[in-house]
Structure formats: structure tokens, C-alpha cells
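K.L.:
Below is a structure I'd like to ask you about.
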Amino acid sequence: MGFEAFAKNLAVDLGGSKRLHALSTLASGLILLLMYFVDLMSGSDMIPFWSNVFTLLFVTIFGFVLDYYIDSICLKRFEHAKVARIGTSSVMFAALLYTMLWTTEETPSTTTLMAYLLIYLGVLSLTSMEKASGGGSFVGYSSDGLPLFSFSDHFSPETYVPMWRNILKSTSSVLKQIQEDAISRLFYFSVLTMLFTCIEFLYGTLTNSLSLISDGFHMLFDSMALCIGLSASVICRWKPSKTYPFGYGRIEVLSGFLNSFFLLVIASIILIEALQRLYDPPGVDAKRLLPISIIGLLVNLVGIYTFRSNSVFLHILADTIGSIGVITSSILIHNYGLLVADPICSMIIATLIVISVVPLLKETSKMLLLAVPSGLEKNLQQTVLQILTTEGVKGYRNPRFWTHAPSVFTGSIHAGYRRCQ
């Protein structure tokens, strides 16, 4: 967003967007040429020019010239959001197709396909524009008694607020309410856990340790669970709107279902990778693995001490067990050369993820499917029978009961009454 605003201001100073594009392309080419000569002087092999001249012409014509003119024509005829959606979707689809057809040995992994799907859904969400409703705002009556409506709010481009601004505004509002609430301590611990999760992913990749990456995913699940609980505690207080007349209580249910589903997929990928490494374990840099594992254990111990009487205690305890497993595997690898300890530890951590995720997945699935609250069947049956004892009640039909949100049970029933004589 900032780049586009700066480019528009710079285009006015330079005399048009076409000149800006030409100068920026020339500057990019000079920078790449300078980097090429630096790489050449460092001892790298020289890339032959004439054998790649057709490739360079293809990239220049389609990647710089035609791309600019096609983009300019489309922006004049269509909305910016529509152009961004079609352009980004086309590039992503072409890149995926090119990757799948490139070689048979290097095919996209399941994780890559999932990332592609999530990015594509994110592009669709960010570039979607809500259509204006057919009616306007009622402002009064004319002298002839006819109703008057104002349509300026629906069609004025000045009143349109981009989706990213609404997201930033909602996020800042939620964070402000969290910090003012008594749950701010839980918020700071979730931030600390998320930061250390990123460190575990980085060190796990550098040291080639699957167990550390697995523990990172486990901590990621707990961090997301904490963030969901924090956000839901604020969002659930929002008043119902015209679009959401029943309120926002089911956001926590939907988020919990999606998180548990994706983490179940991640646990399956970790188990498959661990089984492959079990038969052919690769080398692991245990010297760099041990310090970060000890720091992770200390972070979890802080969480256990802080929230020893809280509902998130079991999640943090499972993280602590995972950190102990990573430390054990790193010691076995460093002192005894048991490379098989890393995949075994990964399988244990993946099993812990499955054990902690499956109950949440089952519970949220029942809520989304509007199932009868478990354990309340007998009480609901007795409550319905008590309705028949009410004076004037003839009968009932269509009793329906479900869980609208955690600790919020909803029901509807049609009762028939006798006419009073």
C-alpha cells in the first residue's frame, strides 16, 4: 500500500507512470548487472549470453513491456480489486502448473499445496468488494407523501473503506481491549510463545532437526489456542449487528475447528516424515540444537508457574514434555550418535499434537453441525415434558436444541395452546 502511494506521487513528479516504469526497470537492470559482475569477480562461472538470448527477450517482452501495458489497460476498464484478483490468481496458477510439469522427481509437496490454497483464499478475501445493497437510507417524505431515500452511502467511492483497513482497525481495537482487561498476562505469554515458536522453526531448519520443528508446531497450536481465547473473549462482547443478528459467539468455535483441522494435517505430515527418517536418519547439528531446546523448556516452565491454576495449564504442560523430548534427543545424538532419536522424538510430539487436537476437533464439529449438547439429553427431555404440565398447553412439536457458543445453549420449540373458554 505504501509503495503504491509513493509510486503515484513519484509518477507525477517524473511526468507520468510510463516514464516511471521505464526508469525503475532501467534501475533494476543496472542493479542486477552490478550484482552479476560482483558475483563474476568472486569466482563464479560466467553465464553464456547468446545461448540465453531468446530467454532474455521472452522475459523482457512478457515480463516488463506487455505486463505494463496490459495492466494499464485493465485498470482503466475494471476495478483495481478485480484486476489484482485476476492477475494474482493467474500468476499463482501458472506457477503451480509450471512447477508440476517441470520434472517428475521434484513435485510440489502437500505442505506447498496447502500453502498455495491458503494464499489463494487470502487473495480472494482481500480483493473481494462487498456489493452495495439495493436499498438506501430512509430520510423522510416528500411534499406529495412519497418516501425519500439516500443512496450516497452505497455508491460514493469516498465512503468505501478497504478491507485491510477494517482488519487493522478491528485488530487494534481487540489488542487495546485485551491490554485493558485482566487477561493481559495471558496475552504477553502468548506473544512470548509465538516469538519462540518462530525461533524454533528457524533453528529446526538450520540444524535439520525434525523434533525441534515438531515441537515448534506444537507450541504454534498452543499459541493459536491462546490467541483464539483472547480474541474470542473480546469479540463475544460485541453487540449483534444487521449482518450478524445472533452476535459473534461462534467465531471461537469456527477458529478452533480450523486450527485443529490444519494442525491434524501437520501432525500427519510430521509422522510421515518421521517414519521416513526412522529408516534413513539424516545428520543433525546437536550442538546448536541443545541451547535452543533448553530455552524452550525455560519458557514453558515460566508458563507452568504463571498459569498453574488456569485452564491453559495442560497445553503448557504438553509443551514442556515436548521440550524435554527435544533435549533428550539432542543429548542422545550429541553424546551417543543415536540419530534415530530425532524421528522417535518427532513421532512422540506428533502424537501429543493429535491427542490434544482431536477432542477440540470433535467438540467444534458437533457445535458447527448444531448437535444436541452432550450430557444434556436427559435434562432436555425432562424440560420438554414439563412444558406439557403448563396450563393451556395442548402439545408441542419440532423441539430443537444446540450449542450456539461455548457455555451458550440455544433451543426452539413449537407449543400448541388450547383456546380459553
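Nothing in this text is a laboratory measurement; each read-out follows from the coordinates by a stated rule. Because the structure is predicted, anything quoted here is derived from the model rather than measured. Virtual Cβ from ideal backbone geometry, glycine too; neighbours counted across all protein chains shown.
K.L.:
Lys394: which lysines have alpha carbons under 28 Å from its alpha carbon, excluding same-chain residues fewer than 8 sequence positions away?
P.N.:
Lys378
K.L.:
Taking the Cβ of each residue in Cys236, Cys198, Cys345 as the centre, tally the other Cβ atoms inside 10 Å and list the residues starting with the fewest.
P.N.:
Working: Cys236 16, Cys198 13, Cys345 27.
Taking fewest neighbouring Cβ atoms as first place, the list is Cys198, Cys236, Cys345.
K.L.:
Can you give the FRET efficiency for Val12 and Arg418, using 1/(1 + (r/R0)^6), R0 = 56 Å, r = Cβ-Cβ distance, to the nearest 0.05? List each step's numbers first, then the result.
P.N.:
Numbers: r = 79 Å, r/R0 = 1.41.
It comes out at approximately 0.10.
K.L.:
Taking the number of other C-beta atoms within 10 Å as the exposure measure, put Asp319, Asp71 in order starting with the fewest.
P.N.:
Lowest to highest Cβ neighbour count: Asp71, Asp319.
K.L.:
Let me ask something else about it. If packing is taken as the mean number of other Cβ atoms within 10 Å per residue, what is the order of 115-127, 245-257, highest first? If you can, show how the numbers build up before the last one.
P.N.:
Details: 115-127: 13.0, 245-257: 17.2.
Order by mean packing, descending: 245-257, 115-127.
K.L.:
Counting each pair of different Cα atoms once, what's the Kirkwood radius of the stretch 377-417 in Å, rounded to one decimal?
P.N.:
Values: mean 1/r = 0.0902 Å⁻¹.
Answer for the stretch 377-417: a Kirkwood hydrodynamic radius of 11.1 Å.
K.L.:
A further question follows. How many nm is it between the label spots at Leu40 and Asp67, if each spot is 7 Å from the Cα in line with the beta carbon?
P.N.:
2.4
K.L.:
Also, quick follow-up: Of the cross-linked pairs Lys169/Lys362; Lys18/Lys76; Lys76/Lys169; Lys169/Lys239, which ones have a Cα-Cα span greater than 26 Å in the structure shown?
P.N.:
Lys169/Lys362; Lys76/Lys169
K.L.:
Label Leu30 and Val354 with points 7 Å out from Cα along Cα→Cβ: what is the distance between them in nm?
P.N.:
Rounded to a tenth, the inter-label distance reads 6.0 nm.
K.L.:
For the ranges 28-38, 363-373, what's the packing order if you count other beta-carbon atoms within 10 Å of each residue, average per peptide, and put the highest first?
P.N.:
Result, highest mean Cβ count within 10 Å first: 363-373, 28-38.
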